[in-house]
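First up is the structure itself, then whatever we jot down about it.
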Amino acid sequence: MMTALFISQKRAEIPRLRSAFPDIRQVDPARVLRLAKRGDQVWLMTDHAEWPALTTALAAQGCSIVVMTLVPSEAEALQALQAGARGYLHALSPPELLTQAALVTGNQGVWVPAELLSKVIGAAFTSLGGRESLPVDSLTILTERERAVALAVAEGRSNKEVARLLDITERTVKAHLGAAFRKLGVRDRMQLVLKLSRQDEKIV
């Protein structure tokens with residue numbers, strides 16, 4: 001049975017988190033690795049220096065980790081995802097949002113605040129090698145325009161920015177992006193980046 005765990009060094013409790021998950025247990029950072037088990041949902045505050053290493057260790061144990069902070073930032077969000085977290089959000093998010101994040105991350109999805117998503121995706125794509133690391137075989141199934149839209153999105157541009165860059169309408173951007181998603185077998189922008197970056201063949 002999945003257990004919800006809250007890890008913080010400085011905060012006794014977050015009322016909104018307790019409201020969303022009445023049975024959540026607070027665990028000291030020093031003890032959580034001994035108590036957490038595969039499938040547990042871990043809500044981890046960034047109020048101690050060891051949180052990135054703790055995130056990696058918990059992910060290796062099969063836990064689903066959502067990193068929480070009082071001051072969200074693009075850099076920290078990327079750090080959390082690279083460490084193995086499946087989610088990153090403001091610690092004072094409303095209970096409804098926390099519940100949605102738990103559902104998405106618990107089903108192997110990724111949860112990042114909308115205002116940070118494009119920037120995080122672009123940073124992730126760059127850190128994974130960018131255009132130079134793109135595979136030949138995954139992109140040849142796309143039309144030239146679908147490929148251009150997919151690459152622009154992977155680099156962190158919004159639909160409006162892609163439309164301006166390629167001199168097309170936002171509606172056309174959405175159509176090309178939807179077609180690219182279907183052909184590549186991905187559901188969202190983060191999966192697009194991961195799909196492209198996990199290939200070994202390079203574009204020549």
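Laboratory data are not the source of any read-out in this text; all were calculated from the coordinates shown. Nothing here was measured: the structure is a model prediction, and the numbers come from that model. Cβ placement follows ideal geometry from the backbone for every residue including glycine, while neighbour counts extend to all protein chains displayed.
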Legend entry - Kirkwood Rh and Cα Rg combined as Rg over Rh, evaluated for the chain: 1.03
Legend entry - segment 1-150: relative contact order in percent, alpha carbon pairs under 8 Å with at least 6 residues between: 19 percent
Inset, instruction - Using 0.36 nm per residue of separation minus the Cα-Cα distance, give me the extension gain between Ala75 and Leu92 in nm, one decimal. - result: 4.2 nm
Legend entry - Mean Cβ count within 10 Å, highest first, over the residues of peptides 17-29, 173-185, 73-85: 73-85, 173-185, 17-29
Inset, instruction - Would you calculate, for the chain, the mean residue ellipticity at 222 nm contributed by helices, counting each DSSP H stretch of 4 or more residues as -39,500 (n - 2.57) and dividing by all residues, to the nearest 500? - result: -14500 deg cm²/dmol
Inset, instruction - Determine the gain in length on full extension of the stretch Ile141-Ala30; use 0.36 nm per residue of separation and subtract their C-alpha separation, reporting nm with one decimal. - result: 35.1 nm
Legend entry - Simple label model, 7 Å out from Cα along Cβ direction - Arg11 to Ala49, nm: 2.2 nm
Inset, instruction - Taking the Cα centre of the chain as origin, work out the dipole magnitude from +1 charges on Lys and Arg Cβ and -1 charges on Asp and Glu Cβ, in debye rounded to 20. - result: 340 debye
Inset, instruction - Please identify the helices of the chain, taking whole runs of DSSP H, that span at least 18 Å along their own axis as judged from the Cα atoms and have a mean Kyte-Doolittle score of -1.0 or higher. - result: 114-127, 170-184
Inset, instruction - May I ask you to compute the full-extension gain from Arg164 to Thr99, defined as 0.36 nm times their residue separation minus their alpha-carbon distance, rounded to one decimal in nm? - result: 19.8 nm
